[in-house]
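The values are calculated or read from the model by the stated rules, or taken from the named source; none is laboratory data. Computed from a prediction, not measured in an experiment: that's the story for all the values here. For neighbour counting, all protein chains shown are included, and Cβ atoms are generated from backbone atoms with ideal geometry for every residue, glycine included. Please note that ligands, DNA and RNA were not included when accessible areas were found on the heavy atoms of the full protein model with its side chains. Shrake-Rupley method; radii C 1.70, N 1.55, O 1.52, S 1.80 Å.
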Amino acid sequence: MCGIAGVRRFDGAGVDDAMLRAMAATLTHRGPDESAVWHGPGLGLAHTRLSIIDLADSHQPMHSVDGRWVLVFNGEIFNYRQLRADLDYPFGTSGDTEVVLAGLATEGIGFVDRLRGQFALVAHDAETGTTHLVRDRLGVLPLYYRLDAGSLVFGSEIKALHAGGVPRRVDAASLDAYLTARAVPSPDTLFDGIKKLPPAHRAALSSDGTLEVTRYWALPTQDSPGTWTPERAVDAVDGAVREAVGAALVADVPVGSYLSGGIDSSLIAAVAQATRSSGRIKTFAAGFGDPRHDELPWARRVSEHVGTDHHEVHLRADDFEDLWPVLTWHRDAPVSEPADIAVFGLAKAAREQVRVVLSGEGGDELFAGYPKYRYARAVAAAGIVPAGVRRSVVDRVEPRLGTRLARARVALRAAGGADETERLRTWFAPFTTAERRALLGGDAPVRPHDASPPGADTVDRMLRHDLRAWLPDNLLERGDRMSMAASLELRPPLLDHHLVELAFRLPSSVKVRRGVTKWVLKEVARRYLPDEVVDRRKVGFRVPLDHWFRTGLRDSMWDRLTGTDSFVAQTFDRAAVRTLLERHERGTASEESRIWTLMCLEVWHEQFFRAQT
């Protein structure tokens, strides 16, 4: 993968070369192999390259043979060889970048509909004066921009826009969204005026400064009842997974695979190993050494079963606070998940041996893997009880659940939502609507949340909601930044859009079946993995925040969240913050998720605002 950045001016001014090079410099970690800039009338483009395909050529920015198009491209097109065979174009390289450029030159911007892969690109059409920004269907790769009265500034990461002269200001209206999901859904960010292009969208900037953003792809609806038997669904998913993993192995450099020991990464590693004609694929797993949460033995078991060349990374909890600011800088946002440190450590270790890794993102959001999908119908049924009654019950019962019944507590909080839209948000929300209001106060600016997406049933709507927001704005953003921080390309095969389309055509009954979540994918996995691996309860990579916030991080927690120069203390209701911390210290309830959310916001503000003063 690569880093792209640039400036399009429509006020008659030129683009400063030093500024363009400064933008490129902020993206060196995304492309350590090459860096280049290009200037045209009112346009400047920058590119940093991590070479994966056609290592010797495919330099960017790249121009079409007739000079009409210029392109900067980040990503991989897995069907580029097939597309190349269809195009009548005098190719000068053997890579996928020129295939994209040739398609634009012969078919126009609509050619992106034919791309299979993960990508973000900016292409300028000199004949029409239109600059196009495009992001892949699922949002695997990022693209940010800021439009003002005279220019459009864009880049793979927000820090590139700052180097391009975009001022740093907190977007107060996005704080409510952050408190809802520990991430801000597209098109907004925590930086005022800086937008992220949503997945499956392209934007066209005309020469007069008009920006038009349109969707070019959407999820299909479920097929009509009776179309799919369980057995046929398993066969179809098996074939689609094998095809997606095979496509994701396309590269001119070594490709490895993450292997946590869970269903998704284990299935991908097994299929990848089975796909290879010779040799063993390298797999990588990480652990903190805590036997209660460590999945290294399971990853080892899978590796032995499928025959991979396995490598383990042992991380230290002591590194956590030291890495927090560094990882925040790479995220350009608060670190959303405590496991980010593991993802980063794993990426660093993998990069010593490979340039590309496969990962399991998307399996839960496609096939209903989270426990919440099992409870979805029961929580939805609770919606017939008046909202005030439900909220009263939640307020009385939740404090009595203590710290051990975390899943029951989450389900109860979701059941207290006023409507389905609020219930869908609350499953992953650290703060409920009432808690956010208490923190923000009644006069705080708040953007309306997107309504619940249409769907065939409660589970289907929940999946569509998670694929729209939780996956791209949290998990995929995390995956991209933590891997790119180590100059490692991350590929999630389960997000191949052909497989995604199949998954959403399937009925919910093969996803949650007889109380078993992710049933259809588990049945596929049985064809490659031992039953004990498929049937075990997923632990997940657990960071002991509850303990840390009462011991080693206690003083830092109080200072950062209540100190005189604390952004959190100055922005939110101080009494509400103190009550939260005191409740956690008493041990009557674990508030680690809410404390983590506020601490990460504070570290983000320290990194991007206080560090400037």
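Between exposed GluC sites (Glu not before Pro) in the chain, where DSSP calls loop and at most 12 other Cβ atoms lie within 10 Å, what's the longest gap?
Working: sites that count: GLU127, GLU352.
It works out to 353-613.
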Quiz prompt | For the chain: accessible area per residue (Å², 1.4 Å) | solution = 37
Exercise. Rounded to the nearest 500, what is the 222 nm mean residue ellipticity of the chain from helices alone, with -39500 (n - 2.57) per DSSP H run of 4+ residues and division by all residues?
Key: -11500 deg cm²/dmol
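With a 1.4 Å probe and every protein chain kept in, tell me what percent of the accessible surface of the chain is carbon plus sulfur.
Values: 11600 of 22830 Å².
That share works out to 51 percent.
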Practice problem: Please work out the Cα center distance from segment 27-65 to segment 445-481, rounded to the nearest Å. | Solution: 33
Quiz item: Once phi is turned into θ = phi - 60°, what whole-Hz ³J(HN,Hα) does the Karplus curve with 6.51, -1.76 and 1.60 give for every residue of segment 501-518, x standing for Gly and Pro?
Solution: 4, 4, 4, 7, 7, 6, x, 4, 5, 9, 9, 10, 10, 6, x, 8, 7, 6
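Could you tell me the relative contact order of segment 9-108? Use alpha-carbon pairs under 8 Å, at least six residues apart, and round to a whole percent. All intermediate terms of the calculation are to be shown ahead of the outcome.
Values: 131 pairs, mean separation 20.9, N = 100.
The normalised contact order for segment 9-108 reaches 21 percent.
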Self-check item: Loop trypsin sites (Lys or Arg not before Pro), segment 415-489 (other Cβ atoms within 10 Å of the site Cβ: 16 or fewer; DSSP)
Solution: none
Quiz item: Taking a ≥ b ≥ c as the square roots of the eigenvalues of the Cα gyration tensor of segment 91-154, is the shape rounded (a/c under 1.5), prolate (a/b larger than b/c) or oblate?
Solution: oblate
Quiz item: Can you list the residues, at least 5 places off or on another chain, whose amide H is less than 5 Å from the amide H of ALA286, using H built in the peptide plane?
Solution: VAL313
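Would you mind working out the magnitude of the charge dipole of the chain relative to its Cα centre, with +1 at each Lys and Arg C-beta and -1 at each Asp and Glu C-beta, to the nearest 20 Debye?
On the way: 77 positive and 82 negative charges, 423 e Å.
Once rounded to the nearest 20, the dipole reads 2040 debye.
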Quiz item: Which option, [x] 60, 25, 22; [y] 62, 34, 19; [z] 37, 31, 24, is the value of semi-axes √(5λ) of the Cα gyration tensor in Å that was calculated from these coordinates?
Solution: [z]
Exercise. Rank these by accessible area, largest first, 1.4 Å probe: TYR89, TYR528.
Key: TYR528, TYR89
Quiz prompt | Between segment 322-351 and segment 128-153, the Cα center-to-center distance that results, in Å | solution = 26
